[in-house]
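> Structure in structure tokens, see below.
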Amino acid sequence: MKAYDLIVVGGGSGGIGAALAAGRLGLRVLLLEKQNYLGGNAAQSGVSVWEMGVGGTGIPFDIYKRLKQKDKAVGIYSFAKHRKWQLQSGESPLHPGAELLLDPSKKYRDTLLRHGSETGILNEAFVREYWHGVPFEPAIYQQVVEEMLLETGNVTVLKNTAFQAVESSNGVVASVTLSNGETVSAPLFIDATDSGHLCRYLGCETMFGQEANDVFNEPGAPENASSRINGVSLIYRIGLREKDEANSLDQELESNVPCWWAESYPVASIVQYPNGDLNVNMLPTMEGVDFVQYADYQASYEECKRRVLAHFRHLKSTYAPYADYKLLWMAPALGVREGHRVVTQQILTEQDIRGGLVQQLGEPIVTIADHALDTHGKSTGRAGCAELDMPYGVPYPCLVPKGFSNLLIASRAAGFSSLAASSCRLSRTMMQLGQAAGTAAYIALRDSVDFPNVGYADLSASLVAHHVQLEYPAPAELEAYLEME
């Protein structure tokens with residue numbers, strides 16, 4: 001049986017952050033990914049854009065710097081147009097959503113803010129000045145993160161490999177049997193899967209859908225619990241057509257499928273790739289409650305594909321700037337925003353997010369964020385996208401599943417209420433959770449303690465030493481480091 005210091009299950013943003021942090025600190029790490037690629041939603045679901053927001057320092061910045069060394073691999077966008085701005089000004093025809101175009105004048109530091117707009121998203125001046133994100137080429141991103149993992153000399157990456165069985169006793173995970181027939185062991189494990197699959201296999205208590213408001217006393221939660229979740233997107237890519245160029249997908253666009261989207265959800269996020277193509281994200285393509293009701297994933301994907309074709313036909317025929325575009329690609333996997341969440345020693349709630357860092361003084365914060373409480377789709381029963389006044393922190397106990405001593409959860413399946421998950425789910429935040437978990441693994445082995453007893457003073461000091469932002473505003477040393485791109 002092969003033995004490692006740490007086994008990380010899941011190669012999405014959280015898994016990448018965990019494996020890279022632990023490997024850099026000298027741990028022998030096994031990273032398992034059931035697909036044939038690393039990167040999760042960023043790799044195969046078209047979510048190849050880091051939205052604006054505080055806290056994206058540390059490993060995300062390291063990855064960005066490596067991407068900048070590649071041709072047409074990464075850029076920074078600014079908001080060029082927004083449908084709501086045009087509604088206010090009376091412009092016609094209306095833009096179908098938000099168009100975010102590359103802006104060479106911006107730096108990575110400019111992408112680290114979202115909160116603070118007194119009038120929210122409708123404040124055009126604030127959005128134009130402060131909201132900037134990071135679009136990247138997903139294939140190059142996959143290549144870069146795998147290179148960085150292997151460069152540590154300590155991380156073994158197994159793709160196309162899932163766990164089949166897990167051995168545990170009295171809250172201690174001992175080993176996992178893999179889909180290739182091999183059994184591997186380690187003293188520490190991190191579940192970085194999108195829906196807490198390892199934790200669920202082990203019998204950890206989980207949550208799914210909306211909690212009733214009396215569970216966490218959240219003002220924005222419904223009176224009764226439900227299985228409603230955040231909406232699902234099928235992202236597609238378009239590019240300018242050469243003169244007289246045919247496109248193999250054009251015949252599919254001639255179908256008579258009505259664009260239900262045009263009347264019900266006339267919004268899309270359209271982001272420019274570094275090579276000039278456009279990433280189109282319907283917000284959402286399918287209601288979360290409808291997605292849950294599909295018994296078969298492929299059937300839900302085919303329905304989303306049908307809607308994408310209808311949406312693109314509507315885009316081309318309604319909005320003049322897109323008439324000469326062709327459909328280049330549809331993501332092979334759906335972008336799913338919400339799934340099962342693990343019950344951990346502490347649950348992040350709506351009150352934590354709205355109260356912000358000023359109400360979390362003294363808590364063991366391992367990353368900060370300021371993304372809105374953001375739900376997609378009408379069936380969530382929530383009030384859309386509620387911007388925040390200040391950043392908030394994610395405490396370390398939100399990564400510690402109840403009842404286990406050598407297991408952490410570092411993904412969107414960590415200890416969040418459904419409302420909190422609508423904010424704390426973005427790629428850079430998940431990567432920072434992974435960096436915290438991988439760092440905690442190093443300290444746990446060094447000090448011969450289990451995960452719940454990792455000393456926060458040492459954990460936070462190590463994270464800060466590796467350029468993770470744990471306070472707002474950022475200290476001068478970190479600001480200076482971020483200028484070194």
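> So Tyr392 clears everything in (1) hydroxyl-bearing (Ser, Thr, Tyr); (2) surrounded by fewer than 20 Cβ atoms within 10 Å (Cβ to Cβ); (3) at pLDDT 95 or above except one condition, right? Which one?
That leaves (2) as the condition not met.
> Right, something else. In the range 322-342, what residues are more than 26 Å from Ala414 (Cα to Cα) and in a strand (DSSP E or B)?
Result: Tyr325, Lys326, Leu327, Leu328, Trp329, Met330.
> Test Val127 against the criterion of being in contact (Cβ under 8 Å) with a residue 40 or more places away in the chain, on the phi < 0 side of the Ramachandran plot, touching a Leu at 6+ places or on another chain (Cβ under 9 Å) and crowded, with 19+ Cβ neighbours inside 10 Å, and give yes or no.
In short, no.
> Among the residues of the range 273-298, which ones are among the aliphatic types (A, V, I, L, M), in a helix (DSSP H, G or I) and open to solvent by 40 Å² or more (accessible area, probe 1.4 Å)?
Within the range 273-298, just Val292 meets the criteria.
> Do any residues in the range 274-297 that are under 30 Å from Tyr64 (Cα atoms) have Cβ atoms under 7 Å from those of residues that are of a type in the set (D, E, K, R) and modelled with pLDDT under 95, where the two are at least six apart or on different chains, and which pairs are they?
Every condition considered, the pairs that remain are Thr285/Arg307.
> Still on this model: Would you confirm, using the coordinates I've provided, whether Ala331 is open to solvent by less than 70 Å² (accessible area, probe 1.4 Å) and at pLDDT below 90?
So Ala331 fails the test.
> Evaluate the following for Val49: is it open to solvent by 20 Å² or more (accessible area, probe 1.4 Å), out of contact with any Cys (no Cβ under 9 Å at 6 or more places or on another chain), in contact (Cβ under 8 Å) with a residue 40 or more places away in the chain and farther than 19 Å from Glu147 by Cα?
yes
> Can you find, within the range 27-82, the residue that is nearest to Leu433 (Cα to Cα) among those that are polar (S, T, N, Q) and assigned to a helix (DSSP H, G or I)?
Filtering first and then ranking leaves Asn41.
> Further question on the same structure: Please go through the range 181-201 and pick out each residue that is within 23 Å of Ser427 (Cβ to Cβ) and not in a strand (DSSP E or B).
Ala192, Thr193, Asp194, Ser195, Gly196, His197, Leu198, Cys199, Arg200
> Which one is farthest from Gly17 (Cα to Cα) among residues in the range 155-180 that are in a loop (DSSP other than H, G, I, E, B) and open to solvent by 40 Å² or more (accessible area, probe 1.4 Å)?
Among those that are in a loop (DSSP other than H, G, I, E, B) and open to solvent by 40 Å² or more (accessible area, probe 1.4 Å), it is Asn170.
> Just to be sure before I move on: is Cys204 under 30 Å from Asp5 (Cβ atoms), in a helix (DSSP H, G or I) and touching a Pro at 6+ places or on another chain (Cβ under 8 Å) in the structure I sent?
Considered against the rule, which asks whether it is under 30 Å from Asp5 (Cβ atoms), in a helix (DSSP H, G or I) and touching a Pro at 6+ places or on another chain (Cβ under 8 Å), Cys204 comes out as no.
> Name the helices (runs of 4 or more DSSP H) wholly within the range 404-485 that hold at least 1 residues that are farther than 30 Å from Gly209 by Cβ and open to solvent by 10 Å² or more (accessible area, probe 1.4 Å)?
Numbers: elements: 418-421, 427-447, 456-465, 476-482.
Once the helices (runs of 4 or more DSSP H) in the range 404-485 are filtered for at least 1 residues that are farther than 30 Å from Gly209 by Cβ and open to solvent by 10 Å² or more (accessible area, probe 1.4 Å), what remains is 427-447, 456-465, 476-482.
> Okay, moving on. Enumerate the pairs (first residue in the range 443-460 and touching a residue at least 24 places away in the same chain (Cβ under 8 Å); second residue anywhere and open to solvent by 60 Å² or more (accessible area, probe 1.4 Å)) with beta-carbon separation below 9 Å, excluding pairs fewer than 6 apart on the same chain, so at least 6 apart or on different chains.
The qualifying pairs are Ala444/Pro187; Ala444/Asn453; Leu445/Pro187; Asp450/Val172; Pro452/Gln345; Val454/Asp447.
> Scan the range 352-365 and report the pairs whose first residue is surrounded by fewer than 16 Cβ atoms within 10 Å (Cβ to Cβ) and whose second residue is in a loop (DSSP other than H, G, I, E, B), with Cβ atoms within less than 8 Å and a gap of 6+ or a chain change.
Note: pairs meeting the criteria are Val358/Met390.
> Determine whether Lys84 is open to solvent by 50 Å² or more (accessible area, probe 1.4 Å) and modelled with pLDDT of 95 or more.
Values: open to solvent by 50 Å² or more (accessible area, probe 1.4 Å): yes; modelled with pLDDT of 95 or more: no.
Against the criterion (open to solvent by 50 Å² or more (accessible area, probe 1.4 Å) and modelled with pLDDT of 95 or more), Lys84 does not qualify.
For every residue, the table says whether it meets (1) under 24 Å from Ala42 (Cα atoms); (2) buried (at least 19 other Cβ atoms within 10 Å of the Cβ).
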{"site": "Gln210", "(1), (2)": "no, yes"}
{"site": "Ser226", "(1), (2)": "no, no"}
{"site": "Ile229", "(1), (2)": "yes, yes"}
{"site": "Gly239", "(1), (2)": "yes, no"}
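The values are calculated or read from the model by the stated rules, or taken from the named source; none is laboratory data. Remember, predicted model here, so these are calculated numbers, not experimental data. Backbone-built Cβ (ideal geometry, glycine too); neighbour counts: all protein chains shown. Keep in mind that these areas ignore ligands, DNA and RNA; they rest on the heavy atoms of the full protein, side chains included. Shrake-Rupley method; radii C 1.70, N 1.55, O 1.52, S 1.80 Å.
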